[in-house]
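What follows is a set of notes on a single structure, which appears directly below.
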Amino acid sequence: MSNPSTSDTPATAKPLIGVVMGSSSDWDTMQHAVQILADFGVAHEARVVSAHRMPDDLFAYAEQAGPRGLQAIIAGAGGAAHLPGMLAAKTTVPVLGVPVASRHLQGVDSLHSIVQMPKGVPVATFAIGTAGAANAALFAVSQLALHDTELAAKLQAFRVAQTEAARAMTLPL
Ligand code: RP5
């Protein structure tokens, strides 16, 4: 998997989904969101936008998200994970928050930081770690698929393949 700075879809494709994270150390988790978007052929971009280390960039990204045509922002962060909430404070583009597992508190701190938004500023919050990153992307795909029949067919095929894989599971008995 490539580095975040090189994972944008081609410049000709206008990104529909923005994937942002607080640090390059979040990439191991957030690449799972990017992989899903790539698999479904959804135009996207991925970049580091740190709430605490580059707050002006965070505000600019949020303010430009709507005018740039982003349909959702998937935001992953760990620890004092203010990135998703502060993005949501500055844009009405839906923000999907992914708590990244932190070094000391295993991501429970990240989860609490992201999920406990005050009334009126929502962040859709997903599971800690790679499942949350993948599911945030699948959720974004499902929202886009409401108005894209080709994408809806791909999503249905994904679900069928997943069901077949589960049915084929065996146990070491
Ligand atoms: C957060 O701090 C990032 O989202 C990351 O999960 C965490 C640690 O960042 P690094 O110290 O690894 O850059 O802002």
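Every number in this text was worked out from the coordinates using simple rules, so none of it is lab data. No experiment lies behind these values; they were computed from the predicted model shown. As a convention, Cβ positions derive from the backbone with ideal geometry for all residues, glycine included, and neighbour counts pool all protein chains shown.
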Exercise. Could you tell me whether any residue of the stretch 60-67 is near the ligand (Cβ under 8 Å from one of its atoms) and not in a helix (DSSP H, G or I)?
Key: no
Quiz item: Which of the residues spanning the stretch 30-56 are of a type in the set (S, T, N, Q) and either part of a loop (DSSP other than H, G, I, E, B) or in contact with a Phe, Trp or Tyr (Cβ under 9 Å, 6 or more places away or on another chain) (or both)?
Solution: Ser50
Quiz item: Going by the structure shown, is Leu111 touching a residue at least 60 places away in the same chain (Cβ under 8 Å), within 14 Å of the ligand (Cβ to nearest atom) and closer than 25 Å to Asp56 by Cα?
Solution: no
Quiz item: So Leu144 clears everything in (1) under 19 Å from Ala46 (Cα atoms); (2) under 13 Å from the mean Cα position of the chain (by Cα) except one condition, right? Which one?
Solution: (2)
